[in-house]
């Protein structure tokens, strides 16, 4: 199976799990031909915010979809066969950035307006079929003229000065994903999540308009603005994108509500976890691990670094970490060893991690992780976001600013604590002895200081559970990885339990590692 494929987000509704496409729309429209006179508007981020506010005071108009049957019915491979014409150029000035357009069709049926921004003037990029090579698709000239734009992507010389690599892609609802040095696409970010994992059912806002600031020659950053719309709200977004070893995106989002929502997810991340070391036994597959991310990492106001290894259990799992003005959170892909995946097509070892750093006060709320059962790697079954406690008011402006890092791990110099690099589970007690009812958890920590501290007998375990009992907890030194491995047997009592494991310095009792947290389900 091709690994470079469209992903589906699994969504929770009422009493079950369903597949949800990244596009939904109701009203139909046919675009005009390429002879349209370009629309030019005055633009600023403040004007976009004003427009969003005005739209929120009106009834919601659903996104418009194309009515061309051939384009609408394109399957995955047929849609991929429509490529941007490499002879065409959207940016006229920049020698670093390129922009390519995505054609409408297949899953992506909604029209998206794209504007090229120069100073304070935004010119609509009118549809023209000359921008595309339609490949082997059986499309007439009239079919081609029925097209439109579904999104866009930007290219930049990330890995080599001679090649402009794909840097970031905006395609489908409010989804976007980016790359840093040496990365392959995996995890996605979204503008907003509404009512995820609720009985009400999830609502998917969409970016309906983009304003892309044409970069100057030799520019190292680029700015993108977007209008977000859905049944419940509107929003104005600003993205300042700085490519590099870690690609950094500063996001400024301003929201106005038409209706109250049950749950608002700020800075949502969407990823895939099928199996890893902790649940390998559940899948009959030659590959040792299959995932885009392997854990949720969060830094709370207390300064605790919490690590929640991802799982793919039989039932929906929702983990909530209470906080006020969180310092950061993200879905990480820490295992970079290609031998741990043995997949040289998907290259899961090269998928980026994404760390989110709030830039203004987000107030009280929870960092929430939703893990949806899945039997296939084509499903994005992991979602993480911040849910504010504040009750939504319809006449209030809400602003959330944050920084996204698409990188290998948390940004450098953020922490010196020992990192958690692996979680293993299995039957408890003595290995090879059958009949034990406990569950063994094994957690590996990595840090340059652990060898010395273990050798000097300076380390001890800090373990706890909210239910059940813990026994036989101890640590061993790993002569191969130079890390420390913690062992713990957990005796369940039939109730859901929160488990914690951390390394402490004996003399001071200070925690010198990330804190491993795990939700045990009976």
Legend entry - Filter pass, residue 88 being closer than 30 Å to residue 260 by Cβ and loosely packed, with under 15 Cβ neighbours inside 10 Å: no
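Residues checked against (1) in a loop (DSSP other than H, G, I, E, B); (2) surrounded by fewer than 23 Cβ atoms within 10 Å (Cβ to Cβ); (3) assigned by TED's automatic domain parsing to the domain that holds residue 407; (4) modelled with pLDDT under 95:
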position	(1), (2), (3), (4)
281	no, yes, yes, yes
319	no, yes, yes, no
322	no, yes, yes, no
329	no, no, yes, no
349	no, yes, yes, no
356	no, no, yes, no
366	no, yes, yes, no
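Taking residue 63, is it within 28 Å of the chain's Cα centre (by Cα) and either at pLDDT 95 or above or within 30 Å of residue 120 (Cβ to Cβ) (or both)?
yes
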Inset, instruction - Restrict the check to the stretch 156-172 and report whether at least one residue is in contact with a strand residue (DSSP E or B) (Cβ under 7 Å, 6 or more places away or on another chain), within 23 Å of residue 65 (Cβ to Cβ) and part of a loop (DSSP other than H, G, I, E, B). - result: yes
Inset, instruction - Give me a count of the residues in the stretch 441-455 that are part of a helix (DSSP H, G or I) and surrounded by fewer than 20 Cβ atoms within 10 Å (Cβ to Cβ). - result: 5
Inset, instruction - Residues being farther than 13 Å from residue 270 by Cβ and not in a loop (DSSP other than H, G, I, E, B): count how many of those fall in the stretch 374-398. - result: 4
Inset, instruction - Being more than 14 Å from residue 506 (Cβ to Cβ), surrounded by fewer than 14 Cβ atoms within 10 Å (Cβ to Cβ), over 34 Å from the mean Cα position of the chain (by Cα) and modelled with pLDDT of 95 or more is the filter here, so list the residues in the stretch 456-473 that pass it. - result: 469
Inset, instruction - Any chance you could count how many residues in the stretch 496-522 are assigned to a strand (DSSP E or B) and more than 21 Å from residue 300 (Cβ to Cβ)? - result: 1
Inset, instruction - Please identify the pairs in which a residue from the stretch 66-77 that is over 10 Å from residue 104 (Cβ atoms) has its Cβ atom under 6 Å from the Cβ atom of a residue that is outside any loop (DSSP other than H, G, I, E, B), counting only partners at least 6 apart or on another chain. - result: 67/28; 70/143
Legend entry - Exclusive hit being farther than 27 Å from residue 328 by Cβ and crowded, with 18+ Cβ neighbours inside 10 Å, set 490, 518: 490
Inset, instruction - Could you tell me which of the residues 135, 147 is modelled with pLDDT under 95 and either buried (at least 21 other Cβ atoms within 10 Å of the Cβ) or not in a helix (DSSP H, G or I) (or both)? - result: 147
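Conditions tested, residue by residue: (1) in contact (Cβ under 8 Å) with a residue 24 or more places away in the chain; (2) closer than 30 Å to residue 232 by Cβ; (3) in contact with a helix residue (DSSP H, G or I) (Cβ under 6 Å, 6 or more places away or on another chain).
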residue	(1), (2), (3)
130	yes, no, no
159	no, no, no
192	yes, yes, no
201	yes, yes, no
Inset, instruction - For the stretch 297-307, state whether one or more residues are in contact with a helix residue (DSSP H, G or I) (Cβ under 7 Å, 6 or more places away or on another chain), loosely packed, with under 15 Cβ neighbours inside 10 Å and either more than 23 Å from residue 373 (Cβ to Cβ) or assigned by TED's automatic domain parsing to the domain that holds residue 273 (or both). - result: no
Inset, instruction - Taking residue 85 as the residue in question, decide whether it is modelled with pLDDT of 95 or more and in contact with a helix residue (DSSP H, G or I) (Cβ under 7 Å, 6 or more places away or on another chain). - result: yes
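The values are calculated or read from the model by the stated rules, or taken from the named source; none is laboratory data. Note that this is a predicted model, so its numbers are computed, not measured. Glycine gets a Cβ as well: all are built from the backbone with ideal geometry, and neighbour counts include every protein chain shown.
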